[in-house]
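Structure record follows, encoded as structure tokens.
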Amino acid sequence: MASAPLVDFHCHLDLYPDLPLAIRRSEVQEVFTLAVTTTPRAWTHNESLASQTRYVRAALGLHPQLVAQYAHELTLFEALLPRTRYVGEIGLDAGPRYYRSLEQQKAVFERIIRLCAAARGKVISVHSVRASKAVLDTIEQHLPPPKGRVVLHWFTGSHAEARRAIDLGCYFSVNGEMLANPKRRALVSSLPLCRLLTETDGPFTQVSGRPSEPGDVTIAISQLAQLFECSYDSMRARIAQNLRDLLTEL
Ligand code: MN
């Protein structure tokens, strides 16, 4: 039996030196890759290449760290939204560097979540640095489970917040760097296996001194297999099944 496809549910393919090559690599290696974008303007080019593939999907994004500069592209975001099922990277970042734009980030995030709820059926990759509560408040208020699905990328909230996210129907995409951290690993081990996906967040994570690539999700799969005490192959199959479930339950 052929192995289940790998899943990289959060990777910035357009931040590698050669986007067509990065997309081809996912395609050849059969890695289902969610190519998140950071501005609505970047999406069109990603989409024109990804739409010709079997394994790569381009997500429409407006990164919270760029909201202060690109909030005016919200109009473009709104115009493009009907053309895609996938949204990301969006969210909130209350870290020290971006704290100043937090109120503006909240307004943009709420607007996007409301648009997604109205459109229905969107799958959304969400950033929540030091802002898990505010992110979950917005999801609870505006995006109940029948209206869309959120995948919390690199979630760093508390156990209670994770519990709340699970009740709100969220999935979690986890990467190797996250799982190398004992505190994060403990949190991930408390999550239901059926809500887990893998990601690299490449090129922002590294493997042996080079930027991670989608094929490197094998590392996260090995770590998860160890954490949940099952074989690599069964974890790999589980993650692929979780993605199928996510895409069919909406
Ligand atoms: Mn990212």
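List of remarks:
- Restricting attention to segment 125-250, close to 20% of DSSP beta bridges with both partner residues there are antiparallel.
- Dipole of the chain, positive direction: furthest Cα of Ser158, Gly61, Gln223, with charges on the beta-carbon: Ser158
- Qualifying lysines (Cα of each under 16 Å from Cα of Lys106; at least 8 residues distant if same chain): Lys133
- Counting only Cβ charges, +1 for Lys and Arg and -1 for Asp and Glu, the dipole size of segment 1-95 around its Cα centre is about 240 debye.
- About the centre of its Cα atoms, segment 154-241 shows a dipole size close to 220 debye [charges on the beta carbon of Lys, Arg (+1) and Asp, Glu (-1) only; nearest 20 debye].
- Secondary structure note: in the chain, about 5% of the DSSP beta bridges are antiparallel.
- Test item: Cα-centred dipole of the chain, Lys/Arg +1 and Asp/Glu -1 on Cβ, debye: 400 debye
- Euclidean distance between Cα centres, segment 44-121 to segment 199-241, Å: 25 Å
- Ranked list, fewest to most other Cβ atoms within 10 Å of each Cβ, for Thr198, Thr218: Thr218, Thr198
- Within the same chain, aspartates and glutamates fewer than 8 places from Lys122 are excluded, and of the rest, those with a Cα less than 19 Å from its Cα are Asp8, Glu47, Glu78, Glu89, Glu110, Asp137, Glu140, Asp167, Glu199, Asp245, Glu249.
- Here the residues Leu197, Leu19, ranked from fewest to most Cβ neighbours within 10 Å of their Cβ, fall in the order Leu19, Leu197.
Each value in this text was obtained by applying a stated rule to the coordinates, not by laboratory testing. None of these values were measured; they are calculated from a predicted model. We place every Cβ from the backbone using ideal geometry, glycine too, and count neighbours over all the protein chains shown.
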